[in-house]
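Below is one structure, written out as structure tokens; comments come after it.
Rule-based calculations on the coordinates, nothing more; no lab input. Being a predicted model, the structure only gives us computed values, none of them experimental. Note that each Cβ is placed from the backbone with ideal geometry, even for glycine, and that neighbours are counted across all protein chains shown.
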Amino acid sequence: MNKVTETERQEIDRLAALPDDAIDTSDIPEITDWSGAERGRFYRPVKQQVTLRIDADILAWFRAQGGKYQSQINSVLREYVDSHRPASR
């Protein structure tokens with residue numbers, strides 16, 4: 001990975017300090033079609049390592065599915081939690 005030089009850092013800081021209306025976006029086309037957008041594509045929740053006891057047959061089933069079985073277990077638990085949250089008012 002390349003390190004950012006002091007000059008580049010100063011330029012980044014200068015640009016970040018600009019108010020939105022001072023940024024010229026005339027050469028960038030406005031996006032009006034969001035049909036191919038993916039919600040949460042870059043979202044990475046904070047993970048916490050824990051020790052968890054799971055029935056051997058359940059663990060064996062997830063492992064047999066191939067791939068990242070821990071992520072699959074996490075996904076199943078997230079679905080369960082989301083479906084049992086009270087509706088927003």
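Worth a mention:
- Screening region 1-44 for residues that are assigned to a helix (DSSP H, G or I) and among the small types (Gly, Ala, Ser) and picking the one that is nearest to Ser75 (Cα to Cα) gives Ala16.
- Each residue in region 45-75 was checked for being in a helix (DSSP H, G or I), of a type outside the set (S, T, N, Q) and either surrounded by 10 or more Cβ atoms within 10 Å (Cβ to Cβ) or touching a Phe, Trp or Tyr at 6+ places or on another chain (Cβ under 7 Å) (or both), and 8 pass.
- Beta carbons closer than 6 Å, at least 6 apart along the sequence or on distinct chains, pair a first residue in region 60-86 that is free of Cβ contacts under 8 Å to residues at least 12 places away in the same chain with a second that is charged (D, E, K, R) for Tyr69/Arg63.
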